[in-house]
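Step one of this worksheet: look at the structure below.
What follows draws every value from the coordinates through simple rules; no lab data is involved. These numbers come from a predicted model, not from an experiment. All Cβ positions, glycine included, derive from the backbone under ideal geometry; neighbour counts span all protein chains shown.
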Amino acid sequence: MSGLSGWVPLWPPAASAEAGTVDAIVLLLLGLSGAVLLLVLCLVAGFAIRYRRGSPAKRGALPELVQSEVEIGWTAATLLLALLLFAWAASAQLGEERTQSDALEIHVTARQWMWKAQHPNGAREINALHLPRGEPVRLLMTSEDVIHSFFVPAFRIKQDVLPGRVTQLRFHPTETGEFHLFCAEFCGTLHARMLGTVTVMEPGDYARWRAAQPEGDGLAREGAALFVSLGCAGCHGAGGGGSEVGVGATVRAPRLAGLYGRDVPLADGRVVRADEAYLRDSILQPGRDVAAGYAPLMPSFAGLLGEGEVQRLVAYLRERGEQPGEGR
Amino acid sequence: MSGDVAAALREPWDSLRRQREAAEFGVWIFLGSEALLFAGLLLAFAVNRTLHPAGFAASGRETDIVFGTVNTLVLLTSSLAMAVGSEAARAGLRRLALRALATVLLLGLTFLVLKGFEWAKDLREQLWPGAGFRLAEPGARLFFGLYWTMTALHALHLAGGLAVVGWLSWQGWRGTRPLGSPAFQVAALYWHLVDVVWILLYPLLYLGGRA
Amino acid sequence: MSGITADDAMAEAPQERQGDSYLTAETGLASWLLTTDHKRVALLYAAALTAFFFIGGAAAVLIRLELFTPASDLVSAEGYNRLFTLHGLVMVWFFLVPAIPNTLGNFLLPLMIGARDLAFPRLNLFSWYLFMGAGLLLLAALLLGGVDTGWTFYTPFSTGYAHSNVLLAALAVVLVGFSSVATGVNMLATVHLLRAPGMGWFRLPLLVWSIYGTALVMVLATPVLAAALLLVVAERAFGLPIFDPRQGGDPLLFQHLFWFYSHPAVYIMILPAFGVVSEIVPCFARRRIFGYTFMVYAILMIALLGFLVWGHHMFVSGQSLYASLVFSFLSFVIAVPSAIKVFNWSFTLYRGQISFQAPMLYALGFIGLFTLGGLTGLVLASVPVNRHVTDTYYVVAHFHFIMVGGAVTALYGGLHFWWPKITGRMPPDGWARFAAVLMFFGFSFTFFPMFVMGFLGMPRRYASYPPEFQVWHVLASAGAVLLAAAYLLPMGYLAWSLVRGRRAGDDPWNATGLEWRTASPPPRDNFRVPPIVEEAAYLYHPRHEGPRHEEQEPHRDQGGGT
Amino acid sequence: MSGGEARAILRRGLLTWAGLLLLLLATLALAYVPMGWLNLPVGLAIAAAKALLVALVFMDLRRRDLLLRLAAGASLLWIGFLFLLTFADLLSRP
């Protein structure tokens, strides 16, 4: 439903697939609420006028029908209606969760009072986000200080951005144009000025725009440089190939090539899937999930690395994951 | 005895039995709210322990088990003394009641003194989760953040209980408050709650990670 | 000031003073500041609450003035954050939570169940002193520069990044929490142990039931808020890491602890309002309440389910999808008891003899505004739509419709309904009706535009906003002027009625409750002769006949002195 | 007469106290027995037993009517709500 953007907009523009489902539910709820409100107002106003003091209407006892049977009836009806509404809303939400995994991944970092976005090819943006129309998008978001919230009204989406954790947001832009980006969780003095614009372009324009961006190294390539400069290679081997005892490394450290997506047996018997969160935690809190058969010797990098650097290392390790085995 | 009852009777009650019933009902509801206060802290403990099992196990080994166990013993004994004192007061056994209440005060102070020494020892061993914190495991700082908060709040509640019991026994001894007054049962129930909270804190703070 | 309407057929013989009323029984400041009379403590609370209502209201007026223009020009961004935090803190804890339970509840509970006083009179006064102590702490925080964390104190902002008097404000809220626990304990013990002979559980008036449900929620929810804020104090004042994400803390832990209290808190605010409306509607419709037992179980279900739905405040906060769906389901289920109550009020009007004095207008206004407020809650309970509307002005409109459109309207209605019993004077009905209608339209005019603006995407707690939202803000600010007038007007004519108002008899509205069986204002010990209860509540007409127009006599009072 | 009553009070108290000591020794000993994840539940179970003993005897709940026992136990149900739904979120996070 396009926005009634005449003189005064009464409905926000619908620029994403999610907007369709949300608007459908809202219209249903609007209709139902309007009906119930009308029913109550008619009952109250009707009875108030008809049975005002001194009016000739017939009083007498309440007819047997209107005793507790009616009460039980509408209670059950209200309960049923509530359950139906829940079922629809829940199924709509579950439907959105099952989107396909090959979405365009963009890393978003929020910090007190600005948004930073980084595209897979390294293009960086401040308080702005360019997206191609028609392609699903997955935002991997984290915060450098307090809780913020990524909110684009036109897409009907909002997701808090937490410090110390990666939160995800999937959506599917369907309309081109420029849309507001707000921070929706109170985050301090300039919370009201932590704004941005999301620009949705035709895929062709997007590709040209991205190519025109200063060719910052891809996240993964920058990650590889960091992997060496920070000394990770010293223990985990140059390509993350890991080091068996005595192969040019003073310390035994687990193989990292092909790690992403695999299940990792831990020292305390648990088995954990090596996803982004696991890679992040192992860098910042190595003592937490120690791989089975290894001593917890890795120093923690918490406080030494910014969020950006952690994201690059994680991107690098994920890329090593996609070509299993041939790393050194 | 009837002069005693009349002195203990308060507005708007007509019978002392009914007033005592209301006093106990009221204090039990208050103890329920105190339980929820400590439940809030225990939820923080449980959530952080689930997020950092290794850190909490390592920290559990750092707390001083001797102090913890002795303090539990002291508090259990004070609970015994309080129960005896409260029942003796209700039965009008003046000498037993006053001696039992004195024991409660003594044991309560002992607990606080031992707690003081324990805290001093913890500080010397750099267990305050600030700059010079000794342990490196993640989550250890959270364990000790909660360790200091929970033991401090418990000690505060215990000190409050000591003040109330002290004031009541002073009045009982001077005779300005009749022994039949429900206040003795109310103070006893509050004291037992402080003991029960410690009974729950003991395994969480001292026994974790010992195996 | 005509005020006197034609249909006051009652004779106006001045009541001779048998014994002194509680107002004149003892005089002097000490008799007020050291009183253990539940009626006087109620008036002490009423005075304190009115003061805080003005402080919170002033903050609201400044907020609405600031939002008149898109730019943040009246106050700085920092100043605006402190304004809405002050508005939230004062209005939630220092006005709405104690508003009905500690004034009307304190005054009426013993009277309605035939008791001389509350179970613990001195605890009642102590709770008022706790409340005043907390109020002073909050004023100190305000004078020292205010707080800028929002009334929600979210971490890690409140513990690590806020540079304002968070400690003072948190301690003030913990202290006022103890005052509300003390009130809860007092009310529960009174209802259980001090009911007059014959006053069975299912003869209790619904205001007593709603105060009972509120007391349960107060006692069981408030301590968890105290725990959450004490942990914030521990982390901020002593540097003990509990919520700090940089040291492994969970950013959602505080929100779980906070909302475990704060959602039941909104039921603390609305349940007493249900009770007041359930007293007013039958009296002015001259009909028995429709489905009394359903209304009682609805109150208890709301008090219980209120503790299971807090997660619907955290759908977008990073909470797991599974938990969000569980909370969403429970939030839909809790809509049912509220729906029962609204339908029952509506059907109480069926075949009644309805007269429209001021209390009835407030009650009917409540039913309309609360129904709209409740229905907009369904939108917020469904996860996908919540993702769009949470943290926007849609939510601001939703909770103001329930708390201000509901609870404050019912407070004013209750104040007018029991004003004769509290002060012995009748409120001037003409002015009172005008104030009720003015409040209804002033309120709707202020807060309905916020629904539209919120759905358009206007975020909460913004001092400056994109220009396209300005038209809605201007509408809301204009409405706020009307609303402010509607709140101030009753204070004027009610004060006037203290001196020049018509004297009220024992039972000016011909109601059936026990509180109308004693003098207005009642003597120090409430009843000259302890009442025996013979009837159920609300017997406004014989079982098998409707209320006849002229005589209001066939109604049977709940009981009286032998 | 009062001597006998005093002795009865002391005897019942000391008996319960002895029970509590036994439980304390048990939980202390069991803490050093490596049982993996079982250590915490066992420790809490023993603590619950001690708390129940204190509540029934020292706090005299065993001689009270149903209303007071409900008032005493009610808060446990609400603590259950708090833990249950918070862990519903914590344990099912991605």
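For this structure, a couple of remarks:
- If you plug the beta carbon distance of D:Met35 and B:Val70 into 1/(1 + (r/R0)^6) with R0 = 35 Å, you get a FRET efficiency near 0.90.
- Cα-based reach from A:Lys158 at 23 Å (exclusive), listing lysines while leaving out same-chain residues under 8 positions away: A:Lys116
- The mean of 1/r over all distinct Cα pairs in the protein assembly as shown, once inverted, gives the Kirkwood hydrodynamic radius of 32.6 Å.
- Cα pair distances exceeding 25 angstrom across region C:335-466, given as percent: 36 percent
- Here the sum of -39500 (n - 2.57) over DSSP H runs of 4 or more residues, divided by the residues of chain C, equals -20000 deg cm²/dmol at 222 nm, to the nearest 500.
- Inter-part distance where region B:1-42 and region B:59-127 are each reduced to a Cα centre, Å: 24 Å
- Spacing of the two label points (7 Å from each Cα toward its C-beta) at C:Val529 and C:Gln470, in nm: 7.2 nm
- One Cα centroid belongs to region D:7-27, the other to region A:75-154; the line between them spans 59 Å.
- Spatial extent of chain D: Rg and Dmax, with the Cα atoms as the point set, Å: 18.3, 69
- Cα gyration tensor category, rounded, prolate or oblate, for chain A with a/c compared to 1.5: prolate
- For chain C, the relative contact order works out to 18 percent when only alpha carbon pairs closer than 8 Å and six or more residues apart are counted.
- Normalised convex hull volume, region A:104-212, alpha-carbon set, Å³ per residue: 84 Å³
- Candidates A:Leu169, A:Leu79, A:Leu139, ranked by Gaussian network fluctuation over chain A, Cα under 10 Å, top entry: A:Leu79
- Other-chain or far-sequence residues with amide H under 5 Å of C:Gly560's (modelled H): C:Ile532, C:Glu534
- Candidate cross-link partners of B:Lys121 among the aspartates and glutamates, defined by an alpha-carbon separation under 14 Å and a same-chain spacing of 8 or more, comprise B:Glu62, B:Asp64.
- Kirkwood-Stokes translational diffusion coefficient of region C:200-340, alpha-carbon pairs, 37 °C, 0.692 mPa s, µm²/s: 194 µm²/s
- Among C:Trp431, D:Trp78, sorting on how many other beta-carbon atoms sit within 10 Å of each Cβ, with the fewest leading, yields C:Trp431, D:Trp78.
- Residues D:Leu91 and A:Thr174, FRET efficiency given R0 of 30 Å [Cβ-Cβ distance, rounded to 0.05]: 0.25
- Amide H to amide H, with H built 1.01 Å from N, A:Ser16 comes under 5 Å of A:Thr174, counting only residues 5 or more places away or on other chains.
- Here the spin labels are modelled as points 7 Å beyond Cα on the Cα-Cβ line, and at A:Ala24 and C:Phe54 they lie 5.6 nm apart.
- Directionally averaged shadow of chain C, computed from the convex hull of its alpha-carbon atoms, nm²: 25.2 nm²
- Taking the DSSP bridge list for the protein assembly as shown and keeping only pairs wholly inside it, about 75 percent are antiparallel.
- Within straight-line cross-link reach of C:Lys39, lysines at Cα separation under 28 Å, skipping those fewer than 8 residues along the same chain: C:Lys421
- Neighbour-count ranking [beta-carbon atoms within 10 angstrom, fewest first] of C:Phe399, C:Phe254: C:Phe399, C:Phe254
- If you take the alpha carbon atoms of region C:459-548 and fit the smallest convex hull around them, that volume is 279 Å³ per residue.
- Between the amide H of A:His148 and those of A:Val161, distances stay under 5 Å, these residues lying 5 or more places away or on another chain, with hydrogens modeled in the peptide plane.
- Exercise: per-residue mean of other protein chain Cβ atoms within 10 Å, A:10-16: 2
- Rough spin-label spacing in nm, given labels placed 7 Å along Cα→Cβ, for A:Arg50 and D:Leu21: 7.9 nm
- Mean per-residue shielding of peptide C:119-128 is 2, counting Cβ atoms of other chains within 10 Å of each Cβ.
- Largest to smallest principal axis extent of the C-alpha atoms in chain B, angstrom: 66, 29, 28
- Cβ-Cβ distance of A:Ala87 and A:Asp268, R₀ of 41 Å, FRET efficiency by 1/(1 + (r/R0)^6): the value works out to about 0.55.
- J(HN,Hα) series, region C:31-38, from Karplus relation 6.51 cos²θ - 1.76 cosθ + 1.60, nearest Hz, glycine and proline x: 5, 8, 6, 10, 6, 10, 7, 4
- Taking other C-beta atoms within 10 angstrom as a stand-in for reagent exposure, C:Met91, D:Met59, C:Met403 fall in the order C:Met403, C:Met91, D:Met59, fewest first.
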